[in-house]
Amino acid sequence: MASKKSNGLVWILMALLILGLGGFGATSFTGSVSRVASVDGKPVRIDSYSRELQGQMNQLGQQLGQVMTFEQAQAFGLPEAVLSRLVANRALDAEADKLGLSVGDGTLRDQIVQIQAFQGPDGSFSRDNYTFALQNAGLSEEEFETDLRAETSRSILQAAVVSATEMPAIYADTLVGFLAETRAISLVRLGVDALDAPIPAPTEAQLRAFYDENIADYTAAEKKRITYAMLSPDSLVDAMPVDDSAIRQIYEERIDQFEQPERRLVERLPFADAEAAQAARDQLDAGETDFEALVAGRDLTLNDVDLGDVSREDLGAAAEAVFAATSGDIVGPADSDLGPALYRVNGVLAATSVDYGTAALMIREELAADAARRAVQAQSEPAEDLLAGGATLEELAAETDMELGQIDWYAGLSDGIAAYADFEDAASALTAEDYPEVMQLDDGGIYAMRLDEIVPPAPEPFEDVAERVADNWEAAQTDAALTAKAQAMMDRVAAGETLEEVTTDLGLSLAQEPAVTRNGAVLGTPAGFNAEVFDLAPGEMTLSQGFGAVILARLDSVTPPAEDDPRASQLRDQITAQVSGALAQEVYDAYATQVRASKDVRIDQEALNAIHAQFR
């Protein structure tokens, strides 16, 4: 695995580096200092470090969707990581020299002429392109060729270290045996209908005792009592004036949205001439092929021939035939701007027409909502000024259109203002020391809030949860009765009866699952059921509770993966590749660490500081 990474650098990274740095805005560094570090006298050049750092910053910035500053790069540890990688590479270069590894001029030439960045329009090596690309990257030919030679030698060293690294076959075989073996089980599901008698109705004393025994289940979570002032666009939208002329103008601008002609979802397959198109049509009519095969035969995909939804005007001479067809029909040959073509109709979209009155109501609602959001935002700054001047939330609500409210908030609450994700995040972080400030909601609303007190966890009154307590009590009693019945069945099996005899005697159904997998799931069983089954020895039984039932399961047999099972072979190959690759990487990392530790590494901190100053 490690050698593949290095070879990729030889053939791809160098070309990408040369072509990409101009677009990345690589920083130019000049002066008498030419290196930021040295390893056994081998320099880590300033330009190499700056290009690598700039490239890493741009790559991470693209992932984050922003231009990355040097301060952010430092926070991510990029400068240290780049320098460490370059120093490690130079240490390996020094080791390669020590071992006498080198690349001849012929090999170097073969690599250079195959790099696409250096090729002309005819695909052959271009000296002009080579010179221009290197100049654009700020590299001399000597520097580039030295780096490429060193990279190739490093690849040879790397390959030598990891080439023979592979986990023993017994390792993969053991894992495959563990992961791919299956279990055959028999199980009986005991639901409410398996009860010997209905659960009697509970007394209030029983329910209160159950409530006391399980008081944690009826204890409300800790809450934050929050006072807030809020203004949402919805509260203003009905009062927003809307100009009728603006509605009419928007309606006319968007008339295509409200008045749409009949359309078709169409695929078009053009041909070079009428004879070829008719031959394809004849094959279709004779049942010798289908539309998909015709498309594939032209080295095209259905996406290549998909026109999407089209109107009559889009189809020209083919319009009449296509619009006379129904969904699934193939029509043609008919003329198109690409020549004779066959058309397949995949859907019929009826014409739509929204009368002006209905459209006007829709547009009015949009304009009023936009106006309401702007009105809310216009009150944001005055509200912020009031709070900054010392106004309380109560005073803020009295002097603005904001409405005062209070909520006992806890994580997961979704009522009222707590339904906003913005409020959820802010309320979670709110402390008594925080001063109210105006914040935004995702619908354009604004709010400010204050933490009044922390409401500690407290039991909910029995009267408020009596119905829930009754349901839970009944479920617990049912589970206990079914578990006792299942345990009695297990006792009978232990005394000498078979599970088949016991279930038949009780009128229960015994189901079979012949191939239970370790990571799979058996329908109707709770989480962890398969793991319990895989802990059993053949003949052993286990009880599980879930989904209002008790499940009694017996392990019948263990089936190892078949030698000729393609899934097991694929799994074995995947494990071997993954584990061997990880082992190779660990071996190489350990070797590279040891090599670096054996070298004389010197860092020029002043040069680094000068480079970093130009990045700021």
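The values are calculated or read from the model by the stated rules, or taken from the named source; none is laboratory data. Note that the structure is predicted; figures quoted are calculated from it, not measured. Every residue, glycine among them, receives a Cβ derived from its backbone with ideal geometry; neighbour counts consider all protein chains shown.
Among the residues making up region 130-165, those that are buried (at least 16 other Cβ atoms within 10 Å of the Cβ) and acidic (D, E) are E145, D147, E151. Of the listed requirements (1) within 29 Å of L53 (Cβ to Cβ); (2) in contact with a Phe, Trp or Tyr (Cβ under 8 Å, 6 or more places away or on another chain); (3) outside the structural domain of E71 (by TED's automatic domain parsing); (4) not polar (S, T, N, Q), I611 misses just one: (3). The sole residue among D573, D565 that is outside the structural domain of A159 (by TED's automatic domain parsing), touching a helix residue (DSSP H, G or I) at 6+ places or on another chain (Cβ under 8 Å), surrounded by fewer than 15 Cβ atoms within 10 Å (Cβ to Cβ) and of a type in the set (D, E, K, R) is D565. In region 395-439, which residues are in contact (Cβ under 8 Å) with a residue 40 or more places away in the chain, assigned to a helix (DSSP H, G or I) and out of contact with any helix residue (DSSP H, G or I) (no Cβ under 9 Å at 6 or more places or on another chain)? Across region 395-439, the qualifying residue is only A397. The single condition from (1) in contact with a Ser or Thr (Cβ under 9 Å, 6 or more places away or on another chain); (2) among the hydrophobic types (A, V, I, L, M, F, W, C); (3) under 30 Å from V176 (Cβ atoms) that V601 fails is (3). When you look at V595, is it modelled with pLDDT under 95, surrounded by 15 or more Cβ atoms within 10 Å (Cβ to Cβ) and in contact with a strand residue (DSSP E or B) (Cβ under 6 Å, 6 or more places away or on another chain), yes or no? It is false that V595 is modelled with pLDDT under 95, surrounded by 15 or more Cβ atoms within 10 Å (Cβ to Cβ) and in contact with a strand residue (DSSP E or B) (Cβ under 6 Å, 6 or more places away or on another chain).
Just checking, does region 156-178 include any residue being within 34 Å of the chain's Cα centre (by Cα), more than 30 Å from I112 (Cβ to Cβ) and free of Cβ contacts under 8 Å to residues at least 12 places away in the same chain? The answer is yes, given that some residue of region 156-178 is within 34 Å of the chain's Cα centre (by Cα), more than 30 Å from I112 (Cβ to Cβ) and free of Cβ contacts under 8 Å to residues at least 12 places away in the same chain. A Cβ distance below 9 Å, combined with a sequence gap of six or more or placement on separate chains, defines the contacts here; from region 355-375, residues that are of a type in the set (S, T, N, Q) reach residues that are assigned to a helix (DSSP H, G or I) in the pairs T358/F258. Within region 508-549, the set of residues being more than 28 Å from F178 (Cα to Cα) and either in contact with a helix residue (DSSP H, G or I) (Cβ under 9 Å, 6 or more places away or on another chain) or surrounded by 15 or more Cβ atoms within 10 Å (Cβ to Cβ) (or both) comprises L508, S509, G548, A549.
Of the residues screened, D147 is not one that is part of a helix (DSSP H, G or I) and in contact with a Gly (Cβ under 9 Å, 6 or more places away or on another chain). Of all residues in region 243-282, those satisfying the criterion of being modelled with pLDDT of 85 or more, within 43 Å of the chain's Cα centre (by Cα) and outside any helix (DSSP H, G or I) are R263, R264, L265, V266, E267, R268, L269, P270, F271.
Of the strands (runs of 3 or more DSSP E) lying entirely inside region 529-616, those containing at least 1 residues that are within 27 Å of V161 (Cα to Cα) are 601-603.
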